[in-house]
Structure formats: C-alpha cells, structure tokens
Amino acid sequence: MESPLSAVKRPRSFKPKKRLPKDIVGKYMFVLPGLLFLAVFMLFPIGYNVYLTFHNVTVFNIMSGYEFTWFDNYKAVLTDAVFLQSMKNSVVFTTLCLLFQFVIGLALALFFNKTFPGRGLFRALLLMAWMIPLVITGTLFQWMFAGEYGVINHFLLWANIIEEPIYWVSNEQTALYSTIIANIWIGIPFNMVILLAGLQSLPTDIYEAARVDGASKWRQFFAITLPLLKPTLFILVMLGIIYTFKVFDIILIMTKGGPLYASTVMPFYAYEQAFINYNFSIGATITTVMLTLLIVVSLIYLRIARKEDAA
C-alpha cells in the first residue's frame, strides 16, 4: 500500500540565493562627515605641503607658476646651519620640558592622590596654568624675565645670588632656557592630571599586601607604582613629544627666535621662512621634516607598546 506521504510532491532542491550587500551609503553615512573633515583639513594640506617641497614657490612666482626642483629644497634645508641649530634647540627644548614636566607633575600627582582638606581647591588653582591663553602666559613670563624691572632679577638681587641684572630673553646664553621654564610651567598641570588619573586607577589591594610584607614607601613606588603606571607613562611621553616639539607661540612672544637664532626652534624657523621671508617651499620643507621625525617617533612608540602588550 502506498504511503499518503508519497503522493506529496517533493520540492526541488533549494539553493539559497546570495544576499545582496548592505547599503553602503547607509552603512557609512555616520563616518562620512569625519572622513570629509580628515580629507579637507588634514590630508589635503599635508599633501599640498609635500607638493610644495618639490617646487620653488615664493611670493614672486606663486601666481605665475613655479618650477619643479626635485630634492633641492631638502638639500638646502639639511645643509642650512640655522636649520641645524633650530633642530638642536628643538631637541633641547623638548627633552628638558618633558623631563621637568614629568618629574614635577608626578610629584604633584602623588601629593594630590592623598586625602586632605582643600585638595580640590589647590588642584583647581594649579590647573589655571594650563587654562590661561598662551599669549598671556608668554607675556607674563617675558615681563618676569625682563632685565631692568623683572621680578626674577629683583628676587635674585634681593637674595644676593646675582650682583647685576641678567637680561634673560635677550641674552644668547639664557634666551632658550627662559622659554623652557615658561613652557615647563604650562605643561605641569597636564602631566599632573594624566598621572593623577593613572594613580587613582591602580588597585589598592596590592599596596595593602605590600604594607603587610613590610615594604617601605620607596619600595612600593619603584616596585608597584611605576611598573603599573607604564602604559600611562608611554601615552604621556608620546603626547608630550608631539605637543612640545611643535611649540611656537611661546618662542614668538618671548624671544622671537633670538638673539642670533639662539632660541629658534624648528616650528618658528618654518614660520619665519614661509611668512616673513615668503619662501613657502623652504617653510614647507622644514615642516615636512618635522612631520617625518614625529612619524618616526610614533612608530617607535607603537612598536614598544605592542611589545608591552605582548609581554
């Protein structure tokens, strides 16, 4: 006897249809404004800046046309004594600023990590150094370092540390270091905030176990605090290098790169070439060299960070 199910027609073998890809426009609509912003305000200016480095563009031929010069601008910049001096000044400026900003910022972060009355008020007062516009800060430090009426000289003379006023911002030996002191004062609050956030995120049970084992404060700091703060330190150093290496306004306000290029750093020299001497190609070449150096530093940082994550 034939089964009633045999009378039912079996469906043909079914092959699932390929699904169409999702709507690309709808999928990437939210990131489109960001991509347009990057393309218009970052990628295009960087590309055009690199384009200028291979041409001879000045104020005299910018409208009439300019010639292709291959690597002549790079040769001129890398053999320029003033550029080499500005690179040296940038390295000294960045190194000293990062060192003292980190040391003082870490000391303040450890201090404000404790609980005491008025902690929030004092922390807010210290943040004012970071919130004040750099034009005002540079002008204040220029007055403080003034030779005849500056408060720095007045205090040093009163304490019998010096016998005659020092012209800090107009002296070839002290001009760069006066700008370094001003920039250190500006960057301390930023370092303090980042390091304080890192300290407050550390687990407290490790310190309790260390105290039970009899570890001293210094032992806890070097064996627990610094190793656990290593990711925060890497980020802080990276941001500090990028921010400090491109400092321009403090130099412009306090010393204008002088005297005799003693305080000229790479960003100021690029500004001088492009907007004072109107040699746009040389200015673009200097900024391209700066960008290349910062990219190299970023790649080194990323490699170290990957090794730390793998470990």
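Just checking, how many residues over the range 143-162 are assigned to a helix (DSSP H, G or I) and touching a Phe, Trp or Tyr at 6+ places or on another chain (Cβ under 9 Å)? Quick ask: steps written out before the conclusion?
The first filter runs over the range 143-162 and keeps only residues assigned to a helix (DSSP H, G or I), leaving 143-144, 151-158.
Then drop every residue that is not touching a Phe, Trp or Tyr at 6+ places or on another chain (Cβ under 9 Å), which leaves 143-144, 151-153.
The total comes to 5.
Looking only at the range 187-207, count how many residues are β-branched (Val, Ile, Thr) and under 17 Å from PHE122 (Cα atoms).
Here is the first cut: in the range 187-207, the ones β-branched (Val, Ile, Thr) are 188, 193-194, 204, 206.
From the residues that got through so far, the ones that are under 17 Å from PHE122 (Cα atoms) too are 188, 193-194.
Matching residues across the range 187-207 total 3.
Of all residues in the range 188-216, which are more than 16 Å from LEU108 (Cα to Cα) and of a type outside the set (Ser, Thr, Tyr)?
We begin by selecting, within the range 188-216, every residue more than 16 Å from LEU108 (Cα to Cα); these are 201-216.
Across the range 188-216, the qualifying residues are LEU202, PRO203, ASP205, ILE206, GLU208, ALA209, ALA210, ARG211, VAL212, ASP213, GLY214, ALA215.
Suppose we keep only residues that are of a type outside the set (Phe, Trp, Tyr) and free of Cβ contacts under 8 Å to residues at least 24 places away in the same chain within the range 39-49. Which one would you say is nearest to TRP70 (Cα to Cα)?
First, the residues of the range 39-49 that are of a type outside the set (Phe, Trp, Tyr): 39-40, 42-43, 45-47, 49.
Applying the additional criterion that residues be free of Cβ contacts under 8 Å to residues at least 24 places away in the same chain yields 39-40, 42-43, 45, 47.
On the way: ALA39: 26, VAL40: 26, MET42: 24, LEU43: 22, PRO45: 20, GLY47: 16 Å.
It comes out as GLY47.
Among the residues of the range 79-89, write down those that are outside any helix (DSSP H, G or I) and either open to solvent by 70 Å² or more (accessible area, probe 1.4 Å) or touching a Lys or Arg at 6+ places or on another chain (Cβ under 9 Å) (or both). Before the answer, list the steps.
As a first pass, look at the range 79-89 and keep what is outside any helix (DSSP H, G or I): 79-80.
Passing the criteria: only THR79.
I'm told LEU38 meets every condition in (1) touching a helix residue (DSSP H, G or I) at 6+ places or on another chain (Cβ under 6 Å); (2) within 25 Å of MET238 (Cα to Cα) except one. Can you identify the failing condition by its number?
Here LEU38 clears every test but (1).
Residue by residue, here is whether (1) surrounded by 14 or more Cβ atoms within 10 Å (Cβ to Cβ); (2) under 20 Å from VAL92 (Cα atoms) holds:
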residue	(1), (2)
ALA109	yes, no
LEU121	no, no
ALA129	yes, no
ILE136	no, no
TYR177	yes, yes
ILE184	yes, yes
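Restricting attention to the range 283-311, report how many residues are more than 20 Å from THR79 (Cα to Cα), part of a helix (DSSP H, G or I) and free of Cβ contacts under 8 Å to residues at least 40 places away in the same chain. Walk me through it before giving the result.
The initial filter retains those residues of the range 283-311 that are more than 20 Å from THR79 (Cα to Cα), namely 294-311.
Imposing the further condition that a residue be part of a helix (DSSP H, G or I) reduces the set to 294-310.
The next check asks that each one be free of Cβ contacts under 8 Å to residues at least 40 places away in the same chain; those that pass are 295-296, 299-300, 302-303, 306-307, 309-310.
The qualifying residues number 10.
Inspect all residues belonging to the range 90-106 and state whether any of them is open to solvent by 50 Å² or more (accessible area, probe 1.4 Å), of a type in the set (A, V, I, L, M, F, W, C) and more than 20 Å from ASN191 (Cα to Cα).
Looking through the range 90-106, none of the residues is open to solvent by 50 Å² or more (accessible area, probe 1.4 Å), of a type in the set (A, V, I, L, M, F, W, C) and more than 20 Å from ASN191 (Cα to Cα).
Among the residues of the range 249-262, count how many are touching a helix residue (DSSP H, G or I) at 6+ places or on another chain (Cβ under 6 Å) and open to solvent by less than 60 Å² (accessible area, probe 1.4 Å). Explain how you work it out, then say what you get.
Within the range 249-262, the subset touching a helix residue (DSSP H, G or I) at 6+ places or on another chain (Cβ under 6 Å) is 249-251, 253-255, 257, 261-262.
If we keep only those that are open to solvent by less than 60 Å² (accessible area, probe 1.4 Å) too, we end up with 249-251, 253-255, 257, 262.
Going through the range 249-262 one residue at a time, the tally reaches 8.
What tally of residues in the range 41-78 results from selecting those that are under 27 Å from the mean Cα position of the chain (by Cα), of a type outside the set (Phe, Trp, Tyr) and open to solvent by 80 Å² or more (accessible area, probe 1.4 Å)?
Residues in the range 41-78 being under 27 Å from the mean Cα position of the chain (by Cα), of a type outside the set (Phe, Trp, Tyr) and open to solvent by 80 Å² or more (accessible area, probe 1.4 Å): 3 in total.
Could you check how many residues of the range 220-233 are exposed (fewer than 15 other Cβ atoms within 10 Å of the Cβ) and of a type in the set (A, V, I, L, M, F, W, C)?
4
Quick check on the range 274-288: of everything there that is open to solvent by less than 20 Å² (accessible area, probe 1.4 Å) and out of contact with any Gly (no Cβ under 6 Å at 6 or more places or on another chain), which residue is nearest to VAL59 (Cα to Cα)?
Here the residue is SER281.
Mind listing whichever residues of the range 50-106 are closer than 23 Å to GLU172 by Cα, out of contact with any Ser or Thr (no Cβ under 8 Å at 6 or more places or on another chain) and touching a residue at least 60 places away in the same chain (Cβ under 8 Å)?
Passing the criteria: PHE83, MET87, SER90, VAL92, LEU96, PHE100.
Go through the range 163-282 and tell me which helices (runs of 4 or more DSSP H), entirely inside it, have 2 or more residues that are in contact with a Lys or Arg (Cβ under 9 Å, 6 or more places away or on another chain).
On the way: elements: 175-200, 204-212, 217-220, 230-245, 249-254, 266-275.
The qualifying helices (runs of 4 or more DSSP H) are 175-200, 266-275.
The values are calculated or read from the model by the stated rules, or taken from the named source; none is laboratory data. The model shown is predicted, which means the values in this text are computed figures rather than measured ones. We place every Cβ from the backbone using ideal geometry, glycine too, and count neighbours over all the protein chains shown. Keep in mind that these areas ignore ligands, DNA and RNA; they rest on the heavy atoms of the full protein, side chains included. Shrake-Rupley method; radii C 1.70, N 1.55, O 1.52, S 1.80 Å.
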